[in-house]
1. With the cut-off at 1.5 for a/c, could you classify the chain from its C-alpha gyration tensor as rounded, prolate or oblate?
2. Taking only C-alpha pairs under 8 Å that are 6+ residues apart, what is the relative contact order of the stretch 192-334 in percent?
3. Quickly estimate the mean residue ellipticity at 222 nm for the chain, helices only: each DSSP H run with n ≥ 4 gives -39500 (n - 2.57), and the total goes over all residues, rounded to 500.
4. Hey, with R₀ at 35 Å, roughly what FRET efficiency would GLU230 and SER323 work out to, going by the Cβ-Cβ distance, to 0.05?
5. Could you calculate the FRET efficiency of SER64 with ILE293 from 1/(1 + (r/R0)^6), where r is the beta carbon distance between them and R0 is 41 Å, rounded to 0.05?
6. Give me PHE3, PHE192 sorted ascending by neighbouring Cβ count inside 10 Å, so fewest comes first.
7. How far apart, in nm, are two points set 7 Å out from the Cα along the Cα-to-Cβ line at SER331 and at GLU261?
8. So if R0 is 51 Å, what FRET efficiency would ILE178 and LYS222 give, r being the distance between their Cβ atoms, rounded to the nearest 0.05?
Amino acid sequence: MRFALSPEQLDFGVGLRKLLDACRTPTAARAWAAGDPSPGRALIRQLAGAGVLGLTVAEEYGGSGAEPIDLVVAFQEIGRAAAPGPLIETAAVIPALLQALPDTGLAARWLPGFAGGAALGTISFPTPGHSSVALDADTAEVVLSVEGTRLRTGHRAGQVRSIDPARRLFAIAADDTIAEGEHLPEAAATGFDTGALACAAQLLGAGRALLNTSTEYTKQRKQFGRPIGEFQAVKQKLADVLIALDLAEPLLYRAALTMTEPTRSRDVSAAVVACGDAAYHAARTALQVHGAIGYTAEYDLSLWLTKVTALRSAWGSADLHRSRIANALRSDATGEPTAGDTP
């Protein structure tokens, strides 16, 4: 089967890229890391105005009720720009979770604010090998925590260091239970997979940004009187990155197209692993191409390097996702269901 983005989706991506370029996201990301969310919040309001934060929100709650593939298009551009903030949580995870629950009134309570950019949300999931932390809990108006069959509000209990200064992580202390029951784990799994899909898209976008930056740099940096981009070894490294990114992209699109299918978790995990590995390859190559300047925090390249490193495990480690893939393949081979590692 051949898949291609529609002209409308391509135009949407181009429009977002122009918007994010005009907003000078590196400046907003540095301010966010320093504890000043004002430039980042202004950027997020512009994204909301472009419809990004309401993509997965139903029309009755002020969103557009778009398809997962549209979310993927948006988060590739967000990753390409290294935009700060709990965008995955606000635009993907919490809407997917709340709308998968029986009518509790929570979606009507919070989602219109998310879609319009008036509020941000964040959420913590218990995942194997990771403590329960939430992104930007000091900035988000809605802080949630999933605990087994309960969904609870929460508040920050202490900051946790992240390799990416623009990802401000906090331990969460739970407060009131706002939803509970046997249906919650499945709703939480839907939210988790939607977040992992958006994370994979963000990784792919960041990887392409790193490749573009590295390619442009090789045209400027000279050794022995020649641009280093003319050397075969450098060309080969950049070509390998391009191949890895291009091979990961179809897995990302397949995951978006199967979000309502029984293979959802397997396909999402495959996309996370492929996009994470490709983006990390792009990051390592960017460091090698840039040399010593690539290690300096003042150089904008560092924003993408640290973002990629943090995002690779932000929505489950590579081991967790490979385990989910293996469990799904084992289940297909035996014809019997196999328990996965979803929250």
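1. Working: a/c = 1.69, a/b = 1.38, b/c = 1.22.
In terms of gyration-tensor shape, prolate.
2. Numbers: 163 pairs, mean separation 48.8, N = 143.
Worked out over the stretch 192-334, it gives 34 percent.
3. Values: 11 runs with 187 residues, N = 343.
Computed mean residue ellipticity for the chain: -18500 deg cm²/dmol.
4. Details: r = 44 Å, r/R0 = 1.26.
E(calc), rounded to 0.05, equals 0.20.
5. On the way: r = 42 Å, r/R0 = 1.02.
That gives a FRET efficiency of 0.45.
6. Values: PHE3 11, PHE192 23.
With the fewest neighbours first, PHE3, PHE192 line up as PHE3, PHE192.
7. Once both label points are built, they end up 1.4 nm from each other.
8. Details: r = 60 Å, r/R0 = 1.18.
Computed FRET efficiency for ILE178 and LYS222: 0.25.
Rule-based calculations on the coordinates, nothing more; no lab input. The shown structure was predicted, so the numbers you read here are calculated from the model rather than taken from an experiment. Cβ atoms come from the backbone with ideal geometry, glycine included; neighbour counts cover every protein chain shown.
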